[in-house]
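What follows is a single structure, written as structure tokens, with notes after it.
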Amino acid sequence: MGAAVQQAVMLANALKASLADQVILDVTSDTVTLYDDVVPDDPNADIVTQKRQTSAIHIKVALKDDLQKAFGAKRRR
């Protein structure tokens, strides 16, 4: 996920530009916990679970208020 943060930001900005700046971007970042199951090469050994932290991004794209009214869209939270 960490490497995808930059790609997500670029995609959101491209979307905003292609829609003539008629959307609002609400961007937040976070740290999430991931769990990896490590399967050993030795078939007699137990699978080990490892915990790690990585960055995450949340991007909410919403129509500007005047467009919401024009389309009759309801604001979602």
* Per-residue HN-Hα couplings for the stretch 11-22, Karplus 6.51 cos²θ - 1.76 cosθ + 1.60 at θ = phi - 60°, whole Hz, x for Gly and Pro? -> 5, 4, 5, 5, 4, 4, 5, 6, 9, 6, 6, 9
* How large, in percent, is the carbon and sulfur part of the accessible surface of the chain at a probe radius of 1.4 Å? -> 52 percent
* To do: Multiply the residue separation of Lys64 and Asp42 by 0.36 nm, subtract the distance between their alpha-carbon atoms, and state the gained length in nm to one decimal.
  => 2.2 nm
* To do: Please give the per residue accessible area of the chain, computed with a probe of 1.4 Å over protein heavy atoms only, in Å².
  => 82 Å²
* Asked: Using a basic spin-label model with each label point 7 Å from the Cα along Cα→Cβ, how many nm lie between Ile24 and Ala4?
  -> 2.7 nm
* Structure fact -> Number of Lys pairs in the chain closer than 18 Å at Cα, excluding neighbours under 8 places apart unless interchain, is 4
* To do: Might you report the magnitude of the Cβ-based charge dipole of the chain about its Cα centre, with Lys and Arg at +1 and Asp and Glu at -1, to the nearest 20 debye?
  => 800 debye
* To do: Using just the alpha carbons, could you tell me how many Å³ per residue the convex hull of the chain encloses?
  => 133 Å³
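The values are calculated or read from the model by the stated rules, or taken from the named source; none is laboratory data. Fair warning: this is a prediction, and the values are worked out from it, not measured in the lab. Here Cβ is always computed from backbone atoms with ideal geometry, including for glycine, and neighbour counts include all displayed protein chains. The area values use the complete protein model at the heavy-atom level, side chains included, leaving out ligands, DNA and RNA. Shrake-Rupley method; radii C 1.70, N 1.55, O 1.52, S 1.80 Å.
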